[in-house]
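**Q** The following block contains the structure, expressed as C-alpha cells.
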Amino acid sequence: MRFLACVVFGVTLGAIAIAAPVPRPAPVFAMNMTDGTKTRLQKYRGKVVLLAFIKTGCSHCQAVTGIFEALQTELGARGLQVLEAA
C-alpha cells in the first residue's frame, strides 16, 4: 500500500511540474446553446463561466437549470456567467 501511495504521489508531482502556468488562456471553444444559437467562450473573457451540458427532456436537468438561473441572478453582477447547452 505504501508503494502505491508513493507511485501516485510521484506521478501527481510529475504532472504538476510539467503543467502549463496558471492562469492560462482558455482554448478556442464554441457551443450550441439551448435556444439554437452558437456562442464562443472568448465572449466571456474576465468572467467566471459555469458550463452546463443539459438534456432538455430530463427532469433532473430542468431542476438544476432552475438552480443555475438563481445563481446567475444572484451572482451575475459579480462576474458569473451561466451557459447552458443542449
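The values are calculated or read from the model by the stated rules, or taken from the named source; none is laboratory data. Values in this document were obtained by computation on a predicted structure and should not be read as measured data. Keep in mind that these areas ignore ligands, DNA and RNA; they rest on the heavy atoms of the full protein, side chains included. Shrake-Rupley method; radii C 1.70, N 1.55, O 1.52, S 1.80 Å.
**Q** Would you kindly find the accessible area of Arg24, with a 1.4 Å probe and non-protein molecules such as ligands, DNA and RNA excluded, rounding to the nearest 10 Å²?
**A** 140 Å²
**Q** Further, regarding this structure: Once amide H atoms are placed 1.01 Å from N in the peptide plane, what residues at a sequence separation of 5 or more from Thr34, or on another chain, have their amide H within under 5 Å of its amide H?
**A** Glu84, Ala86
**Q** Tell me, what ³J(HN,Hα) does each residue in region 36-41 have, in order and in whole Hz, if you take phi through Karplus 6.51 cos²θ - 1.76 cosθ + 1.60 with θ = phi - 60° and put x for Gly and Pro?
**A** x, 7, 10, 10, 10, 4
**Q** According to the square roots a ≥ b ≥ c of the eigenvalues of the Cα gyration tensor, what is the shape class of region 29-75, taking rounded for a/c under 1.5, prolate for a/b larger than b/c otherwise, and oblate for the remainder?
**A** Verdict is oblate for region 29-75.
**Q** Further question on the same structure: For Leu50, list long-range residues whose amide hydrogen, built 1.01 Å from N in the peptide plane, is under 5 Å from its own amide hydrogen.
**A** Distant-sequence amide H within range of Leu50: Gln81, Val82, Leu83.
**Q** In whole Hz, with x marking every Gly and Pro, tabulate ³J(HN,Hα) for region 72-84 from phi via Karplus 6.51 cos²θ - 1.76 cosθ + 1.60, θ = phi - 60°.
**A** 4, 5, 6, 10, x, 5, 9, x, 8, 10, 9, 10, 10
**Q** Roughly speaking, what is the stretch gain from Leu71 to Cys58, that is 0.36 nm per residue apart minus the C-alpha to C-alpha distance, in nm to one decimal?
**A** Contour length minus the Cα-Cα distance gives 2.7 nm.
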